[in-house]
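A short write-up of the structure that comes next.
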Amino acid sequence: MRGKLVYPYSNALLGYEFKRDHPLKPDRLKLTYLLSKQLGLLEKVKELEPALATREDLELFHSPEFIDAVVDSGTNNNVYPRYGLGTADNPIFPLIHETGARYVGATLDAMRAIIDGASNAFVISGGLHHAHRSLASGFCIYNDVAIAINLLHKKKQAKVLYFDFDAHHGDGVQNAFYGSKDVLTISVHQTGQTLFPGTGFIYETGGAESTGYSVNIPLLPGAGTPELIRVFDEVVAPLFESFKPDLLVTQLGVDGHYLDPLAHLTYTSHGYETVVAKLRDMSSDSCELGWLAVGGGGYHPVNVARLWTLFLAIMLEEDVPKLIPEEFRDICTQMGYHDIPEFMRDEDKVVQMYVPREQVTMDLDRSLRRLQELVFPYHGL
Ligand SMILES: [Zn+2]
C-alpha cells in the first residue's frame, strides 16, 4: 500500500511577505492550515516540517548569478531590476532568500516523499509558477515546481504532466520545459491580452523538437465554471490519456474564483471541485508516481482557505460540513477580514458576468478548434 498524502507546512513559511500591503499575504497559508485542522483533515495526512532548499537544489533551475542577487538583496538591501528584484511586484525584504528557499524546500520534500512511495502531496505554499531561471516575477522568487521536476529527472526518467488552472499563465514552468517532451505543460488562464504576464497564447506550443508539449488555453474575462470543465474534458483528459504521465503535477491557484480581487474569471467551488476530483481519479488510476499538487495564486485569504481546504478534502476523499465553522469565522473577523463566506461551497447563484456568455463560449470554441489543429496531431489525436 502506498503512503499517506504528504502535507508540508510550518510557521517558518509565513515569513514570505514582501511588505504589509502586498496582495500575497501569509494569512492565505495560515488560514488554510487552520481551517483544514479544524475540520479534522490534517489527522489524515502526513505533515512534514519543510527543510530549507540548498544552493545546489536552487541551481537545479536557477542561475548562480540570480541566486547571488537574491541573497545580496536580502542581506544588503540592494535592488536588481534586471533580475526582477526590487520591482513593484517583487519588493525586496530581509528574508527574501531564506523564505524563498523554504518554499522550494516544502515542494522538494513533497517530491522526495513521492519518489519514496507517498501516493500524493499537497503543498499549499508551492506553485511559484512565474519565476524564471534568472528573473523573479509576479510575486515569485524561486520556481519550486521547475526545481522539483528537475530533481525528479535527476533521480529517474519519468513523464510529467503539469496542469495549471491559476488565473495567470504558468509562464515560468512552461519556459523551463519548453524544449522537453518529458514534461507536457497545460495552462488554462485569463488571456494575456488582459492580464499579467501577457503570454500563454495558443500558438505557444513548444520548441522545435518538442512541438505539441506546451499547451495553452487563454480565456476571455468572465469565463467561469462551464469553460473550466469544458477545457478539462476536451483538452486535459484526452492529452492525459495519450501522454500517460508517470506523475501528475498541478498548480491549483484559486485567483480565478469569482470573489478574487486580482483577476476577472468567475470559477466557482463547483467547477474547482469537479476538476480536482477528476484529477484525483485520473492520477490514482494511472500515474505510477501519483500526484503532486501545489497552491499558487489567490488573493482573498479567507476564500483561499475555504477552497484549498475543500481541495484537500477531495484529495483525501473526505467530506466537509456545509457551513464554515463559526470558530473559524470569528478568527477571520478578529484578523480584520470582512465578507467572510458562510458556506464551504458556493451557493448556486448567478455569478456576475463581465462579458456576454455567448462571446466567451464562441471564443473558446475557436480556441479549442485551433488547439486541435496545432497540438493534438503530435499526440496521435
Ligand atoms: Zn495567479
_Here are the criteria: (1) modelled with pLDDT under 95; (2) closer than 30 Å to residue 242 by Cα. Tell me which single one residue 283 does not satisfy._
(1)
*In the range 44-93, the residues that are in a strand (DSSP E or B) and either within 30 Å of residue 324 (Cβ to Cβ) or at pLDDT below 95 (or both)*: 46, 47, 48
*With respect to the numbered conditions (1) more than 26 Å from residue 263 (Cβ to Cβ); (2) modelled with pLDDT of 95 or more, which one is the sole condition not fulfilled by residue 166?*
(1)
*Quick one: in the range 182-241, of everything that is charged (D, E, K, R) and surrounded by fewer than 22 Cβ atoms within 10 Å (Cβ to Cβ), which residue is farthest from residue 156 (Cα to Cα)?*
230
*For residue 92, which of the numbered conditions (1) buried (at least 16 other Cβ atoms within 10 Å of the Cβ); (2) under 30 Å from residue 289 (Cβ atoms) fails to hold?*
(2)
*asked:* Residues to consider are 31, 41, 14, 5; find the one that is surrounded by fewer than 19 Cβ atoms within 10 Å (Cβ to Cβ), modelled with pLDDT of 95 or more, under 21 Å from residue 306 (Cβ atoms) and touching a helix residue (DSSP H, G or I) at 6+ places or on another chain (Cβ under 7 Å).
replied: 14
*Please specify each residue of the range 101-147 satisfying the condition of being surrounded by 23 or more Cβ atoms within 10 Å (Cβ to Cβ), more than 16 Å from the ligand (Cβ to nearest atom), assigned to a helix (DSSP H, G or I) and of a type outside the set (Gly, Ala, Ser).*
102, 104, 107, 108, 111, 114, 147
*Could you tell me which residue of the range 114-163 is farthest from the chain's Cα centre (by Cα), considering only residues that are farther than 25 Å from residue 241 by Cα and small (Gly, Ala, Ser)?*
134
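The values are calculated or read from the model by the stated rules, or taken from the named source; none is laboratory data. All values reported here derive from a predicted model rather than from experimental measurement. All Cβ positions, even for glycine, are placed from backbone atoms using ideal geometry, and neighbour counts span all protein chains on display.
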